[in-house]
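The values are calculated or read from the model by the stated rules, or taken from the named source; none is laboratory data. Note that this is a predicted model, so its numbers are computed, not measured. We place every Cβ from the backbone using ideal geometry, glycine too, and count neighbours over all the protein chains shown.
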Amino acid sequence: MSKRSRRRVPAPGAGAGAERPTVTVCRGCCCGTPKIPGLDHAAQLRVLRQAVGGAARVRVTDCLGACERANVIVIQPSATGRRAGGRPAWLGLVNDRDAAADIAAWVASGGPGVTDPPGILGLYTFSPSRRVRAELDE
């Protein structure tokens, strides 16, 4: 099966949840570990989940391969956002508490493709390699 045909198949859990953005929080080899001192990683995830509420699905994943930018969070657009041209937003060095509130505010207002992110999130945005992006899609 080619990559092109695989992309047309809805991801597991797609459907009603596809109308909400998905916030993917890396908790692999560097993200979410003591390698990032002075950050309560469990509290960061808890605050993010509470702040996002029902506006998005929050999931935790293993290493996304962008370890030099730990902690990494990816906001994937909703189906509406994808139709409007939204693409996943990769955020790195998300190592302060205020970032969770900024991320939550953005996804609550629609996320990628629906609304522009708060300007402060531009400080965290990066473009991962094709290999790293492909790992998130698997």
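Can you tell me which of (1) at pLDDT 90 or above; (2) touching a Ser or Thr at 6+ places or on another chain (Cβ under 8 Å); (3) over 21 Å from Leu121 (Cα atoms) is the one Gln76 doesn't meet?
Single failed check for Gln76: (3).
In the range 40-71, what residues are farther than 16 Å from Asp96 by Cα and either among the hydroxyl-bearing types (Ser, Thr, Tyr) or part of a loop (DSSP other than H, G, I, E, B) (or both)?
Of everything in the range 40-71, those that are farther than 16 Å from Asp96 by Cα and either among the hydroxyl-bearing types (Ser, Thr, Tyr) or part of a loop (DSSP other than H, G, I, E, B) (or both) turn out to be Ala56, Thr61, Asp62, Cys63, Leu64, Gly65, Ala66.
Note down all Cβ pairs under 9 Å where the first residue falls in the range 24-44 and is within 22 Å of Ala89 (Cα to Cα), the second is surrounded by fewer than 16 Cβ atoms within 10 Å (Cβ to Cβ) and of a type in the set (Ser, Thr, Tyr), and they're at least six residues apart or on different chains.
Qualifying pairs under 9 Å: Thr24/Thr61; Val25/Thr61; Cys26/Thr61; Arg27/Thr33; Arg27/Thr61; Gly28/Thr61; His41/Thr33.
Among the candidates Ala55, Ala104, which residue alone is closer than 12 Å to Thr22 by Cβ and among the aliphatic types (A, V, I, L, M)?
Values: Ala104 fails: closer than 12 Å to Thr22 by Cβ.
Selected residue: Ala55, the only one of Ala55, Ala104 that is closer than 12 Å to Thr22 by Cβ and among the aliphatic types (A, V, I, L, M).
Can you pull out the residues in the range 110-131 that are under 20 Å from Cys26 (Cα atoms), surrounded by 16 or more Cβ atoms within 10 Å (Cβ to Cβ) and of a type in the set (A, V, I, L, M, F, W, C)?
Leu121
Hey, does the range 35-42 have a residue that's under 14 Å from the mean Cα position of the chain (by Cα) and on the phi < 0 side of the Ramachandran plot? Lay out the reasoning, then the answer.
To start, the set of residues in the range 35-42 that are under 14 Å from the mean Cα position of the chain (by Cα) comprises none.
Within the range 35-42, none of the residues are under 14 Å from the mean Cα position of the chain (by Cα) and on the phi < 0 side of the Ramachandran plot.
Just to be sure I understand, how many residues within the range 90-138 are within 13 Å of Ala51 (Cβ to Cβ), of a type in the set (D, E, K, R) and at pLDDT below 90?
Final tally of qualifying residues: 2.
Can you find a residue that is in contact with an Asp or Glu (Cβ under 8 Å, 6 or more places away or on another chain) and either more than 18 Å from Phe126 (Cα to Cα) or assigned to a strand (DSSP E or B) (or both) anywhere in the range 79-87? Walk me through it before giving the result.
Of the range 79-87, the ones in contact with an Asp or Glu (Cβ under 8 Å, 6 or more places away or on another chain) are 79-80.
From what's left, either more than 18 Å from Phe126 (Cα to Cα) or assigned to a strand (DSSP E or B) (or both): 79-80.
Yes: one or more hits.
If you scan the range 110-134, which residues turn out to be in a helix (DSSP H, G or I), under 17 Å from Glu68 (Cβ atoms) and either within 13 Å of the chain's Cα centre (by Cα) or among the hydrophobic types (A, V, I, L, M, F, W, C) (or both)? Break it down stepwise before answering.
Keep residues of the range 110-134 that are in a helix (DSSP H, G or I), which gives 119-123, 130-134.
Narrowing the set further to residues that are under 17 Å from Glu68 (Cβ atoms) leaves 123, 130-133.
Passing the criteria: Leu123, Val132, Arg133.
Consider only pairs whose beta carbons are under 6 Å apart and that are at least six residues apart or on different chains; among these, list those whose first residue lies in the range 46-60 and is charged (D, E, K, R) and whose second residue is surrounded by 13 or more Cβ atoms within 10 Å (Cβ to Cβ).
Filtered contacts from the range 46-60: Arg49/Val58; Arg57/Gly17; Arg57/Arg20; Arg57/Thr22; Arg59/Thr24.
Out of the residues in the range 48-91 that are surrounded by fewer than 17 Cβ atoms within 10 Å (Cβ to Cβ) and among the β-branched types (Val, Ile, Thr), state the one that is farthest from Gly32 (Cα to Cα).
Checking each candidate, the answer is Thr80.
In the set Val94, Val107, which member is buried (at least 19 other Cβ atoms within 10 Å of the Cβ) and assigned to a helix (DSSP H, G or I)? Break it down into steps so the answer makes sense when it comes.
Working: Val94 fails: assigned to a helix (DSSP H, G or I).
Criteria check complete, one pass: Val107.
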